[in-house]
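The values are calculated or read from the model by the stated rules, or taken from the named source; none is laboratory data. None of these values were measured; they are calculated from a predicted model. Here the Cβ positions follow ideal geometry from the backbone for every residue, glycine too, while neighbour counts run over all protein chains shown. Ligands, DNA and RNA are excluded from the accessible area calculation, which covers all protein heavy atoms including side chains. Shrake-Rupley method; radii C 1.70, N 1.55, O 1.52, S 1.80 Å.
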Amino acid sequence: MKPESVSLHPLGAAAASSAAPVPEMLCIFGTGDLGRSLGLRLLQSGYRVVYGSRRPHSCGPLPQGAQVMSHETAAQSASLIFICVHREHYGFLETMAPDLAGKVLVDLSNNLKKGMYPEPNAAYLQRLVPGASVVKGLNTLSAWALQNGLLAGKQVYLCGNSAEAKRAVAEMATKLGLTVLDKGSLSAAGELEDFPLQLFPEWRLPLSVAVGLTAFFYFYLLIRDVIYGYVEQDKDISYRIMVSLGNKVFPIVSLIMLSLCYLPGVIAAFLQLYRGTKYSRFPDWLDRWMLCRKQMGLIALGFAFLHAIYTFITPTRYSVRHKLITLVVDEMKNNKTTPFYFDNTEAWGQDSFYVLGILGFFLYVLLGLTSLPSVGGSLSWREFSFIQSKLGHLTLFICTAHGYIYGWNKFLRLSTYKWYTPPGYMLCLIVPSVVLVLKALVILPCVDRTLTRIRQGWERNQPREEMGKVTNL
């Protein structure tokens with residue numbers, strides 16, 4: 001065969017002959033923590049960085065590879081400039097307005113509180129430098145996140161009056177691994193500047209639900225356990241308020257919060273079956289509920305940790321030791337020769353109760369660990385879905401069984417219903433039981449269809465003689 005007529009050259013010569021593209025130069029005004037961290041991340045992403053400073057020769061340590069110049073000189077070397085200074089220091093930008101004409105200014109500033117100024121910082125900057133295109137964005141990024149590279153998949157917001165300027169900033173942000181969401185014109189700058197001032201916005205609903213459940217069950221059990229004993233039995237057992245009530249409330253809230261993580265998924269499945277499609281939009285309340293499932297799960301894990309710690313210290317409490325010693329002494333006084341009666345059923349029930357509690361807590365911790373970005377990012381989507389969905393429902397089932405075994409011999413006792421009210425563990429089993437039943441109703445048709453396909457495939461692959469034998473059987 002004749003060789004192809006292709007001229008080959010050494011890689012070094014080819015690399016030398018073709019001129020490498022020159023990285024884009026970006027300018028940063030401000031050499032504080034945010035400016036230095038942003039410059040470091042830009043350099044690691046392949047950009048060239050120049051800093052503009054009032055004191056170029058004494059501005060402190062900067063990332064290796066970056067240049068530092070005066071504001072005027074630095075502005076001339078780049079078309080995209082990041083403003084990493086506070087609003088009260090914007091005065092020098094007004095004097096530089098001719099040098100900044102035609103430039104894209106990215107305002108990263110934030111305020112200490114809402115309504116601190118009559119107009120947003122970005123609008124004020126645009127008024128100072130009317131010839132530039134101001135884009136508000138990246139202000140939700142912290143210096144710590146930039147320095148440690150925790151940017152993959154993180155969502156940032158942009159707004160500005162120039163679509164071309166926003167496009168340039170969005171391309172840069174995408175190269176940093178960020179997800180960009182355009183919020184429209186510069187009139188949305190005030191909304192963007194208020195984002196960093198929000199205190200746990202994604203945790204507000206889960207925390208409200210957890211606090212409400214904790215308060216309700218705490219006062220409910222306070223009435224049933226402490227006040228009932230004082231009124232009906234003339235017993236002062238107020239010491240139970242500190243540990244005993246807490247050790248009852250924590251598992252109740254934990255189980256309900258865990259079931260609330262999986263209840264919206266079941267509701268969504270029934271909605272899709274009812275509508276006959278999975279592409280229709282969920283109601284806003286359900287969509288918001290599904291978005292905070294991770295926070296609900298982590299709160300449930302926190303309450304489970306408290307329950308485990310409270311259970312661990314229970315044998316060391318004075319009231320428990322006193323009750324145990326009193327029981328032994330009374331038994332010895334009544335009959336010193338007869339050994340204690342061993343209830344085999346009670347032993348099975350208690351051991352099953354502890355085993356299910358330990359397994360449930362182990363799976364709880366596993367779910368919590370995989371929800372962390374550093375751990376979940378190392379899993380494939382199928383692995384992550386298996387742990388959070390399959391093992392999650394298994395965790396809910398085990399923890400629910402843990403609660404049922406706790407009250408397995410108390411459901412039919414009249415003494416259990418003090419003042420005709422059910423105990424707390426009965427109430428907490430309602431929601432997880434409903435979730436498991438609904439999940440089973442969703443799964444059973446799928447299992448039936450799968451078994452039908454398997455049977456049909458097996459029948460097609462069987463010879464007719466064997467099929468006749470099977471039919472006769």
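Partners of K175 within straight-line reach, counting lysines whose Cα lies under 27 Å from its Cα and excluding those fewer than 8 residues away in the same chain: K103, K136, K154, K166, K183.
Evaluate E = 1/(1 + (r/R0)^6) for M69 and Q147, where r is the Cβ-Cβ distance and R0 equals 30 Å; express this FRET efficiency to the nearest 0.05.
On the way: r = 23 Å, r/R0 = 0.77.
Computed FRET efficiency for M69 and Q147: 0.85.
Tell me, what is the per residue accessible area of the chain in Å², probe radius 1.4 Å? Spell out each step's value before the answer.
On the way: 29060 Å² over 473 residues.
About 61 Å² of surface per residue is accessible.
Relative to the Cα centre, the charge distribution of the stretch 307-395, modelled as +1 at Lys and Arg Cβ and -1 at Asp and Glu Cβ, gives a dipole magnitude of about 220 debye.
Rolling a 1.4 Å probe over the protein chains gives L372 an accessible area of about 70 Å². Length gained on full extension, I227 to R54: 55.3 nm, using 0.36 nm per residue less the C-alpha separation.
Are there any trypsin sites (Lys or Arg not before Pro) in the stretch 88-153 that are in a DSSP loop and have at most 15 other Cβ atoms within 10 Å? List them by number.
Details: sites: K103, K113, K114, R127, K136; in loops: K103, K113, K114.
Passing sites in the stretch 88-153 are K113, K114.
When each of the peptides 261-272, 236-247 is scored by the mean number of other C-beta atoms lying within 10 Å of its residues, the order from highest to lowest reads 261-272, 236-247. Gain on full extension, evaluated as 0.36 nm per residue between W408 and M332 minus their Cα-Cα distance, stands at 24.4 nm. Residues R48, R41, R54 ordered from highest to lowest accessible area at a 1.4 Å probe: R54, R48, R41.
Simple rule: put +1 on each Lys or Arg Cβ and -1 on each Asp or Glu Cβ in the chain, find the dipole, and look at L34, T174, L359; the Cα lying farthest toward the positive end is L359. How about the stretch 275-329: which chymotrypsin sites (Phe, Trp or Tyr not before Pro) there lie in a loop by DSSP and see at most 16 other Cβ atoms within 10 Å? Passing sites in the stretch 275-329 are Y279.
Lys and Arg at +1, Asp and Glu at -1: add these up for the other residues within a Cβ distance under 15 Å of F270 and post the number. Can you show the working numbers first?
On the way: positive: R275, K278, K439; negative: none.
Value of the local net charge: +3.
Which entry in (1) 28.9; (2) 22.7; (3) 24.1 is this structure's computed Kirkwood radius over Cα pairs in Å? Answer by label: (1).
In the context of the full protein assembly, W408 retains an accessible surface of approximately 120 Å², using a probe radius of 1.4 Å and ignoring ligands and nucleic acids. From the alpha carbon centroid of the stretch 27-60 to that of the stretch 262-303 is 44 Å. Partner lysines whose Cα lies under 23 Å from the Cα of K418, excluding those fewer than 8 positions away in the same chain, are identified as K235, K248, K323, K410.
Nothing charged except the Cβ atoms of Lys and Arg (+1) and of Asp and Glu (-1): what's the magnitude of the dipole of the chain about its Cα centre? Round to the nearest 20 debye.
Numbers: 45 positive and 32 negative charges, 154 e Å.
Rounded to the nearest 20 debye, it is 740 debye.
In the stretch 175-234, a dipole from Cβ-located charges (positive for Lys and Arg, negative for Asp and Glu) runs towards its positive end, and of Q198, A215, S187 it is S187 whose Cα lies farthest in that direction.
Give me the percent of the accessible area of the chain that comes from carbon and sulfur atoms, probe 1.4 Å, all protein chains in place.
Of all accessible area on the chain, carbon and sulfur atoms account for 62 percent.
Ordering K175, K235 by accessible surface, largest first, gives K175, K235; the 1.4 Å probe counts only protein heavy atoms, with every chain in place.
Ordering Y47, Y124 by accessible surface, largest first, gives Y124, Y47; the 1.4 Å probe counts only protein heavy atoms, with every chain in place.
Of the trypsin sites (Lys or Arg not before Pro) found in the stretch 253-352, the ones in coil according to DSSP and having at most 13 other Cβ atoms within 10 Å of their Cβ are K278, R281, K336.
Show me 157-164, 194-201 ranked by packing, highest mean number of other Cβ atoms within 10 Å first. Write down the numbers at each step before the final one.
Numbers: 157-164: 17.9, 194-201: 10.9.
Result, highest mean Cβ count within 10 Å first: 157-164, 194-201.
Spacing of the modelled spin labels on E94 and Q272, each 7 Å from Cα toward Cβ, amounts to 5.7 nm.
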